[in-house]
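Please read the structure below before turning to the comments.
The values are calculated or read from the model by the stated rules, or taken from the named source; none is laboratory data. Source: prediction; values computed, not measured. Cβ sites come from the backbone with ideal geometry, for glycine too, and all protein chains shown count toward neighbours. The area values use the complete protein model at the heavy-atom level, side chains included, leaving out ligands, DNA and RNA. Shrake-Rupley method; radii C 1.70, N 1.55, O 1.52, S 1.80 Å.
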Amino acid sequence: MSVILGIDIGGSGIKGAPVDTATGKLVAGRHRIPTPEGAKPDDVQAVVAQLVKHFGHSGPVGVTFPGIVQHGKTLSAANVDKDWIGLDADALFTRATGRDVTLINDADAAGLAEARFGAGADVKGTVLVLTFGTGIGSALIHDGVLVPNTEFGHLWLRDKHAETWASDRARERDDLNWKQWAKRVATYIEHLELLLSPDLFIIGGGVSKKADKWQDLIVPARSKLVAAALQNEAGIVGAAMIAEHRLSGHS
């Protein structure tokens, strides 16, 4: 059994747990610490180091980030401090924790986990995972292989910016009921289906815990649509998976 610590940096909380990467199961309860106000790099690295210490973990660590990640560098910062842009975050977290850290986009992590252990397991063809929370994250997977950093939450639907209009935060901000929110999401899904024709949409993020409220209201024309099976654990599991992938000799 290979156990790797996965840490998921979110807009409101930073949570972690050790993961059995053979099964995708957490081997200890999740520990969550509120995301520091403003989510500045120095403050976030301190929380990540605190989580590593909490679990007494001595091996590699996978960490998710809510933005574009290329070769360990964070290249965008839609919902965190702008100082992340261009930062070598792999090196930052490795120094802070004293562990070998691998970074991955948060939605990509969730997508990997769902494709391997969740609602996308054994699904052939194209799977599009969408996470609805503070923004909208996306992960595009074909036959189990991730196409990283797709950022489909930043598409424009005529005059509407997708994640500003249809995220879970937008639902709360605009005081929408589930039916009103689902109508917005259905418009967004219709656009994605036109562009990508996925075999399966997987809807994750916080809304996946309340799938009974919206799932029957969003019906793509051709694709199948399901709620994420791993719910909010997907990011933690995917973070551990990417660290294991690097450990096995892949860059």
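Residues that are surrounded by fewer than 20 Cβ atoms within 10 Å (Cβ to Cβ), in contact with a Phe, Trp or Tyr (Cβ under 8 Å, 6 or more places away or on another chain) and modelled with pLDDT of 95 or more within the stretch 194-216 comprise K210, K213, listed in sequence order. If we keep just the residues of the stretch 95-118 that are buried (at least 24 other Cβ atoms within 10 Å of the Cβ) and small (G, A, S), which is nearest to T21 (Cα to Cα)? Applying the filter and picking the extreme gives A113.
Here is a check on your reading of the model: is L92 surrounded by fewer than 24 Cβ atoms within 10 Å (Cβ to Cβ) and either in contact with a Cys (Cβ under 6 Å, 6 or more places away or on another chain) or among the aliphatic types (A, V, I, L, M) (or both)? Give the steps one after another, and end with the answer.
Details: surrounded by fewer than 24 Cβ atoms within 10 Å (Cβ to Cβ): yes; either in contact with a Cys (Cβ under 6 Å, 6 or more places away or on another chain) or among the aliphatic types (A, V, I, L, M) (or both): yes.
When the stated conditions are applied, L92 passes them.
On the stretch given as the stretch 61-73, residues that are assigned to a loop (DSSP other than H, G, I, E, B) and either surrounded by fewer than 21 Cβ atoms within 10 Å (Cβ to Cβ) or touching a Phe, Trp or Tyr at 6+ places or on another chain (Cβ under 8 Å) (or both) total 4.
When you look at S76, is it open to solvent by 20 Å² or more (accessible area, probe 1.4 Å), within 23 Å of G133 (Cβ to Cβ) and in a loop (DSSP other than H, G, I, E, B), yes or no? Yes: the conditions hold for S76. Any residue in the stretch 240-249 that is in contact with a helix residue (DSSP H, G or I) (Cβ under 8 Å, 6 or more places away or on another chain), modelled with pLDDT of 95 or more, assigned to a helix (DSSP H, G or I) and open to solvent by 80 Å² or more (accessible area, probe 1.4 Å)? Taking every residue of the stretch 240-249 in turn, none turns out to be in contact with a helix residue (DSSP H, G or I) (Cβ under 8 Å, 6 or more places away or on another chain), modelled with pLDDT of 95 or more, assigned to a helix (DSSP H, G or I) and open to solvent by 80 Å² or more (accessible area, probe 1.4 Å).
Residue-by-condition table, conditions (1) within 18 Å of D106 (Cα to Cα); (2) free of Cβ contacts under 8 Å to residues at least 12 places away in the same chain; (3) assigned to a helix (DSSP H, G or I):
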| position | (1), (2), (3) |
| --- | --- |
| L146 | yes, no, no |
| G153 | yes, no, yes |
| W165 | no, no, yes |
| E172 | no, yes, yes |
| Q180 | no, yes, yes |
| K183 | no, no, yes |
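For A96, state whether it is assigned to a helix (DSSP H, G or I), in contact (Cβ under 8 Å) with a residue 40 or more places away in the chain and within 24 Å of W165 (Cβ to Cβ). The answer is no for A96. Does V27 satisfy being among the hydrophobic types (A, V, I, L, M, F, W, C) and either open to solvent by less than 60 Å² (accessible area, probe 1.4 Å) or under 12 Å from K15 (Cα atoms) (or both)? So V27 fails the test. Under the condition of being of a type in the set (K, R) and within 21 Å of G38 (Cα to Cα), the residues counted in the stretch 62-115 number 2. Please tell me if K25 is under 27 Å from F152 (Cβ atoms) and over 16 Å from the mean Cα position of the chain (by Cα). No, not satisfied.
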